[in-house]
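Derivation of every value follows stated rules applied to the coordinates shown; laboratory data play no part. Because the structure is predicted, anything quoted here is derived from the model rather than measured. Positions of Cβ are generated from backbone atoms using ideal geometry, with glycine treated the same way; all protein chains shown enter the neighbour counts.
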Amino acid sequence: MKKLDTPQELDAWRESCKNELDHDRLRLRVCDGTGCRALGSQHVLTALRQAVNGNNVEIMTTGCPGFCEQGPLVTVDPQQIAYQQVTTKHVHKIISDTLGKGEVISELLYVDPSNGQPVTTESELPYYKSQMRRVTDLNGQIDPHQIEHYIAHKGYMALSKALYDMSPDGIIEEVIRSQLRGRGGAGFPTGVKWKFCRQSPGDEKYVICNADEGNPGAFTDRSLLEANPHRIIEGMIIGARGIGATEGFIYIRSEYPLAIENLNIALNQAREHGLLGKNILGSGFDFNIQLRLGAGAFVCGEETALMASIEGKPGEPRPRPPFPAQEGLWGKPSNINNVKSWASIPSIIANGAEWFAGVGTEKSKGTAMFSMVGKINNPGVVEVPIGISLRELIFDAGGGIPDGKSFKAVQFGGPLGGCIPAQYLDTPIDYESLTDLGATMGSGGLVVADESTCMVDLARYFMNFTQEESCGQCIPCRWGTKVMLDILTRICNGQGEKGDIETLEQLANTVKTASLCGLGQAAPNPVLSSLRHFRDEYEAHVYDKRCPSKVCWK
Amino acid sequence: MNHFSIQNIRTILNKHKDNKTPLLAVMEELQSYYGYLPREMLIMVSERLDVPLSQVHSVATFYHGFSLHPQGEHVIQACTGTACHVRGGIHVLDHLKTKLNIQAGETTSDLEYTLETINCLGACAVGPTVVTDGKYEGHMTTSKIDHLLEKIEQES
Ligand SMILES: Cc1cc2nc3c(=O)[nH]c(=O)nc-3n(C[C@H](O)[C@H](O)[C@H](O)COP(=O)(O)O)c2cc1C
Ligand code: FES
């Protein structure tokens, strides 16, 4: 393939890619994401390939569309018949009945738990109906290993616009006007951060994609990285152009081998086609991206620790200021954003800031991705407009609580976040409302708790996690989390004493204010928020020697 | 078992020659090649990259992904992430400990098995998740563990 030298060549290629990707074609789309693989999708894939051998049926492997619980997923196009929990023993029936005779196999359809009715097509699944998929629209629809699929769906069009029709300042202005806020945790306005970095003196600048996704039980970034890596890459190139960076890094956790594989393939394809590297699309702009793998340390998700890790050092955070925009990687101005933030950029540039800000609340615009796990009917990844209520998120998209149990709380932001109890189900989900309730948007990882979940045990679990992951540099975090864990462990073992709750509270506040980095400053959050909303559960453990949810003891 | 060689280290260093600070990347390759970081190799890395051995050692001990001891023939990783935890992942881990008669982070004395815990593998929606020699298995139960171990025994 010859490198693309002009925007016109990209347009021409897009037309030919569109023709290739004929939408009326008989096609089996098989999810090849981490979730489906763990449920045996690769055996299904092999069997399907053998069975259709020679027939005029295309088999397309896709990334994760988010509906993991129901995997392995196989979708039959052009009708979009959505089969769930497919195993090798269903393969022949799919070929003979659905492909051969056009019959739908009812036992493979999803049954809507709210009315007991089977759902035939993908777009009718209640799971997708309640979503607004802007960043994730192509997840599950394209093969992430084929750049042609992304190109056919307007891929790299925003980059072409940014390079040829916009100035670097214009790019940054557009992102500022969209009011996009960082999707990695703190929710800082992305465009403003870019501007700081652009204005920092120096010719050598870096952009970084934070793909460390360390929150255990969160997987929004994974699903994007696996299912549509080109969108993240395109966002980074546009950002680099705006900021004036010449080199980019994607720091990805090594626990995501499939995401790493797909990213590597995508980066090579982008380079081969002149979309990355020297003289991108003939515009004279040079920019390259390298991959860096994490080595299993949660704290490396913190931006200064992450940069230390790229520099080949232990991932120890340092105080800010100086902020990365002033002194980042190797002391040069650097800009770091989460995977979802980067992936939001191409559509902001392509459709304009107003389009992006057309959904959301006053201070939080756009859509947000959430991964939902725990006591919920449809664990998986969803994308919804910011500002919908918790009730809509958990009961419509998430399908509600299994086994007729009642909803107790939802944990936002994992070990650094907090919980929101049932009485706030109608709260709109945005950065401010969640913070007011003692939780945080975090990076979109949600854990749903029902009546059989013990909130004290959950707080102990998170404290155990942060205590193990503390880098140990500062004493409040190193020792504070340890002593807090000891108290929580005692309480959960039925050995809580009078005064424990108060000591816990006091310590939590000290660790929060005195720690060096975001890890220690946020580690007490699960304890403080569960104390705020579920103090009675702590008191039952300590004073009545009773675990109300019967988790710690019967 | 892979044997140490100066040739390997040359190949690995060469692969990362464009990396300004290749220490971590080189150590990750060694870890995945040998299953641990052999002492001789760390000394060689320190000399060839001109990084003090003390820094090499601090990197080796800071990250959970590195091990200074040889690993077993089969590596079993049980997820202890939140999603797997609330789905009873701890019972799966306990069962593995009992069956293999080792603690997490240990290797059986015959060097057959290493048991590790891991904080989330991204397959949370289908947890409890266990990875055996790189292969993901979802919806794990104690009886599925028995089955899995039997299969490994039969195949080896
Ligand atoms: C302990 C700790 C862990 C973090 N882990 C992540 C992470 O895994 N992914 C991420 O994007 N941000 C993480 N952050 C936030 C980053 O420091 C940083 O704010 C973020 O990458 C900025 O990107 P954004 O502006 O696009 O949100 C973490 C912060 C702390 C304190
Ligand atoms: S929590 Fe176990 S795979 Fe994510």
*HN-Hα J couplings of region A:373-384 from phi, Karplus 6.51/-1.76/1.60, θ = phi - 60°, integer Hz, Gly and Pro as x?*
9, x, 8, 9, 5, 10, x, x, 10, 10, 10, 9
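What's the extension gain from A:Ser254 to A:Tyr543 if we count 0.36 nm per residue and subtract their Cα-Cα distance?
So the chain would gain 99.6 nm between A:Ser254 and A:Tyr543.
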*List the residues of region A:288-330 whose backbone N lies under 15 Å from a point placed 7 Å from the Cα of B:Thr61 along the Cα-to-Cβ direction.*
A:314-315
*Starting from the amide H of A:Lys365, placed 1.01 Å from N in the peptide plane, find each other amide H under 5 Å away whose residue is 5 or more places distant or on another chain.*
A:Arg181
*asked:* How much of the DSSP bridge set in chain A is antiparallel, in percent, rounded to the nearest 5?
replied: 55 percent
*Cα-Cα over 27 Å: which of A:Lys375/A:Lys545; A:Lys375/A:Lys482; A:Lys129/A:Lys363; B:Lys97/B:Lys135; A:Lys154/B:Lys17; A:Lys193/A:Lys408?*
A:Lys375/A:Lys482; A:Lys154/B:Lys17; A:Lys193/A:Lys408
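Hey, got the dipole for region A:252-311? About the Cα centre, +1 on K and R Cβ, -1 on D and E Cβ, debye to the nearest 20?
Details: 4 positive and 7 negative charges, 35 e Å.
For region A:252-311, the charge dipole is close to 160 debye.
As an exercise, use a Förster radius of 51 Å and the Cβ-Cβ distance of A:Asn279 and B:Glu153 to find the FRET efficiency, rounded to the nearest 0.05.
Working: r = 57 Å, r/R0 = 1.11.
Calculated transfer efficiency: 0.35.
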*Please give the residues of region A:152-168, grouped as numeric ranges, whose backbone N is less than 16 Å from a label point set 7 Å along the Cα-to-Cβ vector of A:Asn351.*
A:153-159
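Cβ under 13 Å from B:His57's Cβ, B:His57 left aside: what net charge do those residues give with Lys, Arg +1 and Asp, Glu -1?
Values: positive: A:Lys313, B:Arg39; negative: none.
That works out to +2.
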*Straight-line reach from B:Lys20: which lysines have a Cα under 18 Å away, not including same-chain ones fewer than 8 places off?*
A:Lys205, A:Lys313, A:Lys332
_If you fit an axis through the alpha-carbon atoms of helix B:6-15 and take the longest principal axis of the Cα set of chain B, what angle between them do you get, 0 to 90°, nearest 10?_
90 degrees
*Roughly speaking, what is the stretch gain from A:Ser452 to A:Asp165, that is 0.36 nm per residue apart minus the C-alpha to C-alpha distance, in nm to one decimal?*
97.7 nm
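Please work out the FRET efficiency for the pair A:Thr435 and B:Gln71, using the Cβ-Cβ distance as r and a Förster radius of 60 Å; give the result to the nearest 0.05.
Details: r = 44 Å, r/R0 = 0.73.
FRET efficiency, A:Thr435 to B:Gln71: 0.85.
Report the calculated FRET efficiency for A:Asn56 and B:Asn14 (r = Cβ-Cβ distance, R0 = 51 Å), to the nearest 0.05. Kindly include the intermediate steps, with their values, before the conclusion.
Working: r = 46 Å, r/R0 = 0.91.
E(calc), rounded to 0.05, equals 0.65.
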*asked:* What's the magnitude of the charge dipole for region A:23-129 around its Cα centre, counting Lys and Arg as +1 and Asp and Glu as -1 at the beta-carbon? Answer in Debye, nearest 20.
replied: 300 debye
*First select every other residue whose beta carbon is under 13 angstrom from the beta carbon of A:Gly315; then total the charges, Lys and Arg +1, Asp and Glu -1.*
-2
_Please list, ordered by chain and number, the residues whose modelled amide H lies under 5 Å from the amide H of A:Gly374; skip anything fewer than 5 residues away on the same chain._
A:Val448
_Segment A:Thr246-A:Arg320, extension gain: residue separation times 0.36 nm, minus the distance between their alpha carbons_ = 24.2 nm
*For labels at B:Tyr33 and A:Thr510 in the simple 7 Å Cα→Cβ model, what's the distance in nm?*
4.8 nm
*List, in order, the whole-Hz ³J(HN,Hα) value for each residue of region A:311-324 obtained from phi through the Karplus relation with A = 6.51, B = -1.76, C = 1.60 and θ = phi - 60°; use x for Gly and Pro.*
6, x, 10, x, x, 9, x, 10, x, 10, x, x, 7, x
*For A:Tyr206, residues with placed amide H under 5 Å, excluding near neighbours*: A:Ser334, A:Asn335
*Pair A:Gln8, A:Glu107: separation of 7 Å Cα→Cβ label points (nm)*: 5.9 nm
*With the dipole of region A:455-543 worked out from charges on the C-beta (+1 for Lys and Arg, -1 for Asp and Glu) around the Cα centre, which of A:Met463, A:Gly520, A:His533 lies farthest toward the positive end?*
A:Gly520
